[in-house]
1. Take Q4 and decide whether it is surrounded by fewer than 21 Cβ atoms within 10 Å (Cβ to Cβ), touching a Gly at 6+ places or on another chain (Cβ under 6 Å) and polar (S, T, N, Q).
2. Only one of these is at pLDDT below 95 and under 23 Å from D14 (Cβ atoms): Y76, Y108. Name it.
3. Does at least one position in region 88-97 carry a residue that is closer than 19 Å to Q4 by Cβ and either touching a residue at least 60 places away in the same chain (Cβ under 8 Å) or among the polar types (S, T, N, Q) (or both)?
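The values are calculated or read from the model by the stated rules, or taken from the named source; none is laboratory data. Predicted model, so just to flag it, every value in this text is computed and none were measured. Ideal geometry is used to build each Cβ from the backbone, glycine not excepted, and the neighbour counts take in all protein chains shown.
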Amino acid sequence: MDDQTKSLIQNHIDNNEVCLFMKGTPDAPQCGFSMAVTNILKILEVNFKGVNVLEDQKLREGIKVFSDWPTIPQLYIKKEFVGGCDIIKEMYENGEIKKIFDDNQITYKK
């Protein structure tokens, strides 16, 4: 991964408490997995930044190297990689995602 791509990824993570690297945008997800995570965040009314990896092939491949995670979407909360679609869905169902938001003082619908 080139330094410019790494810097771009790091800036998104550093400047957004909740950052979702996804295919498409929060208003128009381009894959079912990205849509599922977006919907969870919208249900919880969490303010998040959606980063469309489809706009830049270097970003799309770079985020996988950056996180050492092979799939997209990828959710970061307070600069920490939390997981992809299956993990986020499980964390939503068992309440863990709310605990992470509480622990990080991130506002959501309770």
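1. No.
2. Result of the check over Y76, Y108: Y108.
3. There is no residue in region 88-97 that is closer than 19 Å to Q4 by Cβ and either touching a residue at least 60 places away in the same chain (Cβ under 8 Å) or among the polar types (S, T, N, Q) (or both).
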